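Q: Quick one: the structure is below, questions incoming.
The values are calculated or read from the model by the stated rules, or taken from the named source; none is laboratory data. Owing to the predicted nature of the structure, the values given are computational and were not obtained by experimental measurement. Because the Cβ atoms are built from the backbone with ideal geometry, glycine has one as well, and the counts that use them run over all protein chains shown. Calculation scope for accessible area: heavy atoms of the full protein, side chains included, ligands and nucleic acids excluded. Shrake-Rupley method; radii C 1.70, N 1.55, O 1.52, S 1.80 Å.
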Amino acid sequence: MDMDAPAAEAWLRRRFADARAVVPVATGDGHLWRPNEKLRPAAVLVPMVRREAGMTILLTQRTDHLYDHAGQISFPGGRSEDHDESAAATALREAYEEIGLPHSHVEVLGALPIYTTVTGYRVTPVVGLVNSLPALSLDEFEVAEAFEVPLAFFLDPGNHQRNTLQYQGRTRHYYAMPFEQRYIWGATAGMLMNLYAFLTA
């Protein structure tokens with residue numbers, strides 16, 4: 001998909017304004033490893049950044065010392081707090097805490113299907129449009145780096161991989177989207193696959 005910024009933004013708005021039910025490509029498998037455990041609610045922000053050359057998606061790389069998903073590429077986000085009024089509120093709060101993205105710079109377009117993780121979370125991906133990306137302030141404890149990837153890269157099926165691995169005696173299937181020197185996989189890639197399915201259905 002090659003569109004300039006205004007055309008891409010208009011296309012995104014139309015997609016989210018049209019209330020369509022799309023079957024998710026990936027829903028996660030956290031429930032399989034925690035069948036007797038209540039999954040905790042969480043949310044991430046999928047920031048769609050308006051650039052002259054077209055839309056990009058802002059991602060982060062987690063620091064290597066974290067207990068969960070150390071060093072992996074992810075969206076800014078985290079678990080819901082009692083005072084969060086919605087998944088969008090969680091995603092916006094976490095994005096501000098992790099990368100310093102102010103709420104005022106994000107227009108929430110909608111949400112993608114819930115994704116369950118092996119770490120015990122029911123994650124709601126909240127898609128937000130960022131018309132003007134300010135200078136970011138990263139939480140150095142959690143975030144090693146923030147970077148952007150063109151939306152067109154994720155919308156190209158040639159960049160999608162479906163792989164398998166053995167985890168605790170079971171075979172797991174997961175998606176991956178390697179970009180340059182970065183390996184985007186697991187929950188993040190699964191949510192991106194759901195974004196792909198939603199936008200191209």
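Q: I'm trying to understand the selection: among the residues of segment 7-29, which are under 24 Å from LEU92 (Cα atoms) and touching a Lys or Arg at 6+ places or on another chain (Cβ under 9 Å)?
A: Those that are under 24 Å from LEU92 (Cα atoms) and touching a Lys or Arg at 6+ places or on another chain (Cβ under 9 Å): ALA8, GLU9, GLY28.
Q: Also, I was wondering about something else. Can you pull out every residue in segment 22-55 that is modelled with pLDDT under 80 and open to solvent by 60 Å² or more (accessible area, probe 1.4 Å)?
A: Listed by number, the residues that qualify are HIS31, LEU32, ARG34, PRO35, ASN36, GLU37.
Q: Restricting to strands (runs of 3 or more DSSP E) lying wholly in segment 91-184: which have 1 or more residues that are free of Cβ contacts under 8 Å to residues at least 40 places away in the same chain?
A: Where strands (runs of 3 or more DSSP E) fall fully within segment 91-184 and carry at least 1 residues being free of Cβ contacts under 8 Å to residues at least 40 places away in the same chain, they are 106-111, 161-167, 170-176.
Q: Report yes if GLU94 is at pLDDT 95 or above, closer than 27 Å to ASP18 by Cβ, open to solvent by 10 Å² or more (accessible area, probe 1.4 Å) and of a type in the set (Asp, Glu), otherwise no.
A: no
Q: Right, another one. Take the residues in segment 161-201 that are within 24 Å of ALA43 (Cα to Cα) and of a type in the set (Ser, Thr, Tyr), then tell me which one is most open to solvent (accessible area, probe 1.4 Å).
A: Checked segment 161-201; the qualifying residue most open to solvent (accessible area, probe 1.4 Å) is TYR183.
Q: Now a separate question. Suppose we filter segment 119-145 for residues that are among the hydrophobic types (A, V, I, L, M, F, W, C) and open to solvent by 30 Å² or more (accessible area, probe 1.4 Å); how many remain?
A: 6
Q: With respect to LEU101, determine if the residue is modelled with pLDDT of 95 or more, within 23 Å of GLY30 (Cβ to Cβ) and surrounded by 17 or more Cβ atoms within 10 Å (Cβ to Cβ).
A: It is false that LEU101 is modelled with pLDDT of 95 or more, within 23 Å of GLY30 (Cβ to Cβ) and surrounded by 17 or more Cβ atoms within 10 Å (Cβ to Cβ).
Q: For segment 4-22, name all the residues that are within 18 Å of PHE154 (Cα to Cα) and either touching a Phe, Trp or Tyr at 6+ places or on another chain (Cβ under 9 Å) or outside any helix (DSSP H, G or I) (or both).
A: Passing the criteria: ASP4, ARG15, PHE16, VAL22.
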